[in-house]
Amino acid sequence: MPRNKALGTRRRPYAERKVNVRGTIPRFLIVCEGERTEPNYFERFRVPRDVVALEVRGIGYNTLSLVREAIKLKDEGDYDQVWCVFDRDSIPAQTFNEALRLANQEGIRVAYSNEAFELWYLLHFDFLNTGIRRAAYIARLTEKIGKRYAKNSRDMYDILESRQQTAIENAKRLLNIYNLCRPAEDNPSTTVHLLVIELLKFSR
């Protein structure tokens, strides 16, 4: 199949570079704190498996323990990109910051959310720059999607896909309001959009 046909010809705003699919297929490993919520989202991501190998694991560990597990998996495999996906939650700031430092040291990228992954979902609908409680995330998402939000839903990617670019813009705008980025204190904030942008480079 010709390369231009495999990648598609439509311009994508966040596909700053098109991936060379000739030769070895790039391998992504996404290691998630949640066992179902985050994996269910990223496993549904529309990237052709003949263009990129996408492996998603729901580990059930949080922050520092998750990063250490990702380091172990990275050493065992041959991955082009390894990402950790975790939340700030009520984790002590020192532990959260140490997880970010260790990941950076080991070449692992982090898609964090302060305080919950559902912030990324809400940004598909609205720009949110005020911290809210977890129960409020559920109530707002229930209102936005028109049905009761279930944390472990398998169809959230499909529900939100058409609003993906809005979420990216809102997430970038949100980070820009913090003059000095302090992830453990910046509530709300997220870098999930950075992982989404990377995956979009492989979409057709």
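The values are calculated or read from the model by the stated rules, or taken from the named source; none is laboratory data. From a predicted model like this one, the values you see are computed outputs, not experimental measurements. Here Cβ is always computed from backbone atoms with ideal geometry, including for glycine, and neighbour counts include all displayed protein chains. Surface accessibility is based on the protein's heavy atoms, side chains included, excluding ligands, DNA and RNA. Shrake-Rupley method; radii C 1.70, N 1.55, O 1.52, S 1.80 Å.
The table below gives the values:
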read-out	value
Carbon + sulfur, % of accessible area of the chain - ligands and nucleic acids excluded, 1.4 Å	44
Residues GLU76 and TYR178, FRET efficiency given R0 of 35 Å [Cβ-Cβ distance, rounded to 0.05]	0.45
Size of charge dipole - the chain - debye, nearest 20, with Cβ of Lys, Arg +1 and Asp, Glu -1, no other charges	940
Sequence-distant residues sharing a close amide H with ASP186 (under 5 Å, placed H)	none
Between segment 185-200 and segment 41-71, the Cα center-to-center distance that results, in Å	15
Those aspartates and glutamates that a straight Cα-Cα span of less than 15 Å connects to LYS74, excepting residues fewer than 8 apart in one chain	GLU55, GLU106
Solvent-accessible area of TYR79 with every protein chain in place, 1.4 Å probe, in Å² to the nearest 10	40
Unit charges at the beta carbon, dipole of segment 139-204: most positive-side option, ASN187, LEU175, LEU200	LEU200
Whole-number percent relative contact order across segment 53-177, with pairs defined as alpha carbons under 8 Å at least 6 apart	22
Enclosed volume per residue, in Å³, of the convex hull spanned by Cα atoms of segment 48-204	121
Theoretical FRET efficiency, 1/(1+(r/R0)^6), r = Cβ-Cβ of GLU185 and GLU35, R0 25 Å, to 0.05	0.35
Beta bridges per DSSP with both ends in the chain, % antiparallel, nearest 5	10
Surface accessible to a 1.4 Å probe, per residue, for the residues of segment 54-154, Å²	49
All aspartates and glutamates inside 15 Å of LYS172 as judged from Cα atoms, apart from same-chain residues fewer than 8 positions distant	ASP126, ASP186, GLU198
Dmax and Rg, reported as Rg then Dmax, of segment 143-204 (C-alpha, Å)	13.8, 38
